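The values are calculated or read from the model by the stated rules, or taken from the named source; none is laboratory data. Just so you know, these numbers come straight off a predicted model, no measurement behind them. With ideal geometry, Cβ positions are generated from the backbone for all residues, glycine too; neighbour counts draw on all protein chains shown. Ligands, DNA and RNA are stripped out before the accessible areas are found, and what is left, the full protein with its side chains, is counted by its heavy atoms. Shrake-Rupley method; radii C 1.70, N 1.55, O 1.52, S 1.80 Å.
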Amino acid sequence: MATANLAKVYAADELSLRITTTKAPWLLIAARGRVSSTGWHEAQLVAYMYLTPPADGVQEFDFIARKPDAGNVQLPVLSPISTELELPNVDVENYWGSSVPLRGIRVYAVSNRKEVDVLGRLEARAASAAPMPRSTATYVTPTPDVDVISFEEDIKTLFRPRDVNVMQAMAGFNLHQLEDVRARADKILDRLRTNMPCDGLWPAEDVAKFQAWIKGGMAA
């Protein structure tokens with residue numbers, strides 16, 4: 001992937017970390033922030049690489065996104081952006097080497113940074129009983145396998161005819177065409193979380209279904 005058009009987002013507003021309680025834990029990192037104009041896309045977290053483990057035991061990431069495409073109209077207003085990162089089979093207790101655990105996750109934007117502490121499961125349970133000055137990771141049990149979410153049966157019907165007509169007129173793509181939605185899935189998800197449709201956002205469960213469809217491979 002070309003990196004010339006990638007840059008840090010303006011600000012990191014929220015950072016969360018979930019750790020599965022499976023034998024080989026997964027780290028599930030979610031970041032929400034703002035960019036300096038409309039048109040930014042393909043947000044991602046890029047991990048720092050280290051020659052030696054950092055003294056504080058914190059894994060750092062840059063919160064970046066692709067700048068607006070040349071020639072597209074952008075509005076110079078702070079706009080929301082978000083991304084998620086899944087890291088499978090992470091040995092949290094020996095992340096940096098034998099008996100050297102992962103102590104936290106830190107994300108950098110242009111104007112600030114956000115950090116989440118990683119506590120052991122017993123420490124995390126004790127910490128949940130009292131207010132904490134810093135965010136901490138949450139240990140979660142993975143959800144069981146569910147039926148595959150498909151475009152034809154689960155997603156297509158969420159887009160009303162009026163939504164289809166508006167997007168065809170404004171952006172030139174069809175929300176009832178699988179390939180059109182696949183090609184713009186991340187952008188559509190961002191819009192569904194913020195300002196689409198214009199007469200009222202989808203219920204949270206429908207947005208979650210669309211996100212799950214993306215993560216599940218966007219089945220037809």
Counting only protein heavy atoms and rolling a 1.4 Å probe, one gets per residue an accessible area for segment 152-198 in Å² of 60
Among Phe210, Ala55, Ser99, the residue whose Cα sits farthest towards the positive end of the charge dipole of the chain, when +1 is placed on the Cβ of each Lys and Arg and -1 on the Cβ of each Asp and Glu, is Ala55
For the chain, the dipole about the Cα centre with charges only on Cβ (Lys and Arg +1, Asp and Glu -1), to the nearest 20 debye, works out at 480
Projected onto the charge dipole of the chain (unit charges on the beta-carbon of Lys, Arg, Asp and Glu, signs +1, +1, -1, -1), the Cα from Ala169, Ile29, Trp40 with the largest positive-side position is that of Trp40
From the cross-link list Lys23/Lys67; Lys23/Lys114; Lys67/Lys156; Lys23/Lys187; Lys23/Lys156, the entries with a Cα-Cα span beyond 32 Å are Lys23/Lys67; Lys23/Lys187; Lys23/Lys156
Using alpha-carbon positions, the gyration tensor of segment 170-220 gives root eigenvalues a ≥ b ≥ c; with a/c under 1.5 called rounded, otherwise prolate if a/b exceeds b/c, else oblate, the class is oblate
On each of the three principal axes the extent of the alpha-carbon atoms of segment 3-53, given in whole Å and largest first, is 42, 27, 16
Ala185 and Thr38 label points (each 7 Å along its Cα→Cβ direction) are spaced in nm at 2.5
Probe 1.4 Å, heavy atoms of protein chains only: per residue, the accessible area of segment 1-126 in Å² is 56
The alpha-carbon pair-distance distribution computed for segment 1-118, with 10 angstrom bins and whole-percent values, is 13, 41, 29, 13, 3, 0
From DSSP H assignment alone, runs of 4+ in the chain each adding -39500 (n - 2.57), the sum over residues rounded to the nearest 500 puts [θ] at 222 nm at -6000 deg cm²/dmol
Per the Cα gyration tensor, the chain corresponds to an equivalent ellipsoid with semi-axes, largest first in Å, of 34, 22, 16
Pseudo-spin-label distance Ala55 to Ala30, built 7 Å along Cα→Cβ, given in nm, is 3.5
